[in-house]
Amino acid sequence: MFKVNENFAKLPGSYLFANIAKRVSAFQAEHPEKEIIRLGIGDVTQPIAPAIIEAMHKAVDEMGHAETFHGYAPEQGYDFLRNIIAKEDFQEKGCDISADEIFISDGAKCDCGNIQELFSLDSVIAVCDPVYPVYVDSNVMAGRSGLYNGETGRFDKIVYMPCTADNGFLPEFPKEHVDLIYLCFPNNPTGEAIKKADLQAWVDYANKNGAVIIFDAAYEAYITEEGIPHSIYECEGAKTCAIELRSFSKKAGFTGMRLGFAVIPKDLKCGDVSLNAMWMRRQGSKYNGTPYIIQRAGEAVYSPEGKVQVAEQIARYMKNAKTIYTGLKDTGFTVYGGVNSPYIWLKTPNDMKSWDFFDYLLNNAGIVGTPGAGFGPSGEGYFRITAFGTYENSLKALDRIKNL
Ligand code: MLT
């Protein structure tokens, strides 16, 4: 009999957002008359900006003519997109990143899950707690964890760095040696950002201890305050210890189109082995390139019209964030995030468990959020609400909460 990858059996239940979707469908089936407001998964609601649609129409037409048709895309991405990203997202912002250090992909989720392949199976990984589940799940599937401990809600052999109100949602350096450190800032799920000096300290720590930071910057476009780094490469020395992952999903509403990129500096080496070269090799074998039409759409995000339109969309989501944050605070909730991020992270009232509060909100207000405990044991007692809904629904949800 064949054997399966037994590491999968270590994963308890289903993926967080699949689990929530199942619960919501069951509730809707039982109460078809109830109007549900979905502020759970961080999925966008505004349509793709006109400049991007126009670029896609043009690209679609090109695909219909032999002279302008495009087959397999280069695995690492078309130069037109890599060049503009290198210039606008990095070089013009003072980060010394070149186009050949940028690898276009079909989104940050896949990159987050796949990037661990570059590292030895006995690498010790460190994650924030609470954390975006993909970092943990992908390492568990690969075999870098021990068993799941139902009592602690943690996997053995994974180092968890609690991020709670007590430490300002900033991880502390692990006491033991770790090889791979996943950091996401502005953070999902807490919505809190990291200051440049604090990120610099992590870069120094990684360089000193021979660790690599996987820096998930999927939410950088939501930063509104000065002094908050958009890229880890704003920190000195980051090119020798950090990989950065970016997404077009939150920046330009591409959740249904799939586009992201990984930055792997050529200076990032293990001895004389280049991780940039390894990723190039990996993509060559496992990836056939992001579709031409989607990469042209990505390019349009950087056009003068695209920039204005995308900034307007983000401003609309951030108006929701402010409204939800302020409204909840005025109602007496303790709230975090929401200033440099589209996520509002609140303390559940009366020390309710996160999943109990999830059920309570769904049953009594028809609102779907995400239970903090779903992101890890230190998320217990917290709850996440996204600002990615419409303004009307954000107001309506607030009203329903106030009336509870
Ligand atoms: C979330 O809700 O945490 C995100 O939307 C999930 C994702 O980006 O995959």
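Values in this text are rule-based calculations from the coordinates and carry no lab data. Owing to the predicted nature of the structure, the values given are computational and were not obtained by experimental measurement. Cβ coordinates were reconstructed from backbone atoms using ideal geometry, including for glycine residues, and neighbour counts include every protein chain displayed.
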Problem - Greater than 29 Å apart at Cα, pairs in LYS3/LYS157; LYS239/LYS329; LYS250/LYS286; LYS195/LYS269 - result: LYS239/LYS329
Exercise for the section: Please report, to two decimal places, log10 I(q)/I(0) for the chain at q = 0.06, 0.13 Å⁻¹ as given by the Debye formula with identical point scatterers on the Cα atoms and no solvent. Expected result: -0.24, -1.17
Handout entry: Dipole of the chain, positive end: most advanced residue of TRP355, LEU395, LEU183 [Cβ charges, Cα centre]
Key = TRP355
Problem - Selection of GluC sites (Glu not before Pro), region 155-234, meeting DSSP coil and at most 13 other Cβ within 10 Å - result: GLU172, GLU176, GLU225, GLU226
Completion exercise
The alpha-carbon center of region 307-337 and that of region 108-186 are separated, in whole Å, by 29
Handout entry: Segment ASP100-LYS307, extension gain: residue separation times 0.36 nm, minus the distance between their alpha carbons
Key = 72.2 nm
Completion exercise
Here the gain from full extension of LYS93 to ALA165, 0.36 nm per residue of separation minus their alpha-carbon distance, amounts to 22.8 nm
Fill in the blank from the handout: By the Cα gyration tensor axes a ≥ b ≥ c (a/c under 1.5 gives rounded; else a/b larger than b/c gives prolate, otherwise oblate), the shape of region 303-356 is prolate
Practice task
Please give the net charge around ASN83, taking every other residue with its beta carbon less than 14 angstrom from that of ASN83, where Lys and Arg add +1 and Asp and Glu add -1.
Solution key: -4
Practice task
With r as the distance between the Cβ atoms of ARG23 and ASP272 and R0 = 60 Å, compute the FRET efficiency 1/(1 + (r/R0)^6) and round to 0.05.
Solution key: 0.75
Fill in the blank from the handout: Convex hull around the C-alpha positions of region 201-310: the volume in Å³ per residue is 120
Exercise for the section: Work out how much length ASP79 to GLU392 would gain on full extension: take 0.36 nm times their residue separation and subtract the Cα-Cα distance, in nm to one decimal. Expected result: 108.6 nm
Problem - Cut-off 20 Å, label 7 Å out along Cα→Cβ of PHE173, residues of region 96-138 by amide N - result: 124-129
Handout entry: Sum of -39500 (n - 2.57) over DSSP H runs of 4+, divided by residues of the chain (222 nm, nearest 500)
Key = -11000 deg cm²/dmol
Fill in the blank from the handout: The answer for the net charge of residues other than GLY227 whose Cβ lies under 9 angstrom from its Cβ, with Lys and Arg +1 and Asp and Glu -1, is 0
Problem - Ascending count of other beta-carbon atoms within 10 Å, so fewest first, for ARG316, ARG38 - result: ARG316, ARG38
Completion exercise
Violations at 20 Å Cα threshold for listed pairs LYS87/LYS319; LYS34/LYS251; LYS109/LYS251; LYS87/LYS307 -> LYS87/LYS319; LYS34/LYS251
Fill in the blank from the handout: Counting Lys and Arg as +1 and Asp and Glu as -1 over every other residue whose Cβ sits under 13 Å from the Cβ of VAL134, the net charge comes to -2
Completion exercise
Out of GLY338, GLY227, GLY191, a Gaussian network model of the chain with alpha-carbon springs under 10 Å gives the largest mean-square fluctuation to GLY227
